[in-house]
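Note sheet for the following structure.
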Amino acid sequence: MSLLEVAVRSASVLAAFLVLPLLVGQTEHKVMAHMQGRLGPMYAGGFHGWAQLVADGVKFVQKEDITPRAADRWVFRLAPAVALIPYLVALATIPLHPGVAAIDVPGSLVLALAATSVGALGTLMAGWASANKYALLGGLRAAAQLVSYELPIVLAAASIALAGGSLSVATLTDRWSPWWMVWQLPGAIVFIVAACAELQRPPFDMPVADAELVMGAWTEYTGLRFAFFLLAEYAGIVVMSLLVAVLWLGGWHGPFEDTLGWLWTLLKGFAVAVVIIWVRVAWPRLREDQLQRLAWVWLVPLALGQLLLTGAGVVMGW
């Protein structure tokens, strides 16, 4: 691979990383506005509220950046980057089109899952370094969710890797079969639910529950640093949605996939992102005990059952 090709791929991934989370954020505004009858996102800022996202960005830029006196300054300032940058690494491993991925390594699935798990540590760092009891409680809740829901995510992805006989995301997408949409459906459900919890999305937003913990681990953050945490959440939605699209929905497979494969991948990922947004609007927040019970009583056994079924299917040549 030439230096020019590396530069082009890196620039493309960076551009997608800056644009796609903003599109998901704008989509969330619109979906929630339609489902809940909100007037602001529908009409504020021009036609269909198109300038609402721009206004939010300007607001964050204008706000003062404050670091609490008792905070651990280096950890406090580093936490937003730790929450955001791992999703850039994970996005680089996802192929949008045959042969089009910034990072194409044999274990790209492992790399993507490892990177997404690191992102949750940014919330833990923010909670510990803020010298605020509400922030600390939010960080501890985030750590508990990471421990509980990382296992179902890995088990669901392991089932796909076993079915495709590879740990490369590109290879798994290339070997995808429509039969997987039925055979691997329980694993897909487990992955989406666990991804919502790992991203601390409602109804799994106990680490940032505003009614209980002000804003959880983000309580002491202002301005762009707070905006980076929000951007990390939407970047996580993009990464998880695209992973579901390429692993369970076939990625670029579709009509005219030789030329429009990238479009099919993006459309499938966008559909999954809308489902994640719908879950936020449709379900109330769980209690902490209900969160842990869902992970260990339901998702982990279901993922293990899916893995066992896949192993049997591979042995029997399904």
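The values are calculated or read from the model by the stated rules, or taken from the named source; none is laboratory data. Worth saying up front: this structure is predicted, and the values here are computed from it rather than measured. Virtual Cβ from ideal backbone geometry, glycine too; neighbours counted across all protein chains shown. The accessibility values were calculated without ligands, DNA or RNA, using every heavy atom of the protein model including side chains. Shrake-Rupley method; radii C 1.70, N 1.55, O 1.52, S 1.80 Å.
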Within the accessible area of the stretch 70-125 (1.4 Å probe), percent carbon and sulfur: 77 percent
Apportionment of accessible area to carbon and sulfur, the stretch 138-238, percent (1.4 Å): 72 percent
Charge sum, other residues only, whose C-beta stays under 14 Å from GLU28's C-beta, Lys/Arg counted +1 and Asp/Glu -1: +1
Ellipticity estimate at 222 nm from DSSP helix runs (n ≥ 4, -39,500 (n - 2.57)) divided over the chain, nearest 500: -23000 deg cm²/dmol
Accessible solvent surface per residue of the stretch 92-139, calculated while the other protein chains remain in place, 1.4 angstrom probe, Å²: 39 Å²
At 1.002 mPa s and 20 °C, Stokes diffusion of the stretch 118-178 via Kirkwood alpha-carbon radius, µm² per second: 157 µm²/s
Rounded, prolate or oblate (a/c below 1.5 giving rounded, otherwise prolate when a/b exceeds b/c) for the stretch 19-110 by Cα gyration tensor: oblate
Length-normalised contact order for the chain - Cα pairs under 8 Å, 6+ apart - percent: 24 percent
Whichever lysines have a C-alpha closer than 24 Å to that of LYS133, once near sequence neighbours (fewer than 8 apart) are set aside: LYS63
Options GLY251, LEU286, TRP179, ranked by Cα towards positive dipole end of the chain, top entry (Cβ charges): LEU286
Nearest-ten-degree value, helix 52-62 long axis tilted from longest Cα axis of the chain: 50 degrees
For LEU88, net neighbour charge (Lys/Arg +1, Asp/Glu -1) across residues whose Cβ lies under 15 Å away: 0
In degrees, nearest ten, helix 223-247 long axis to first principal axis of the chain (Cα): 10 degrees
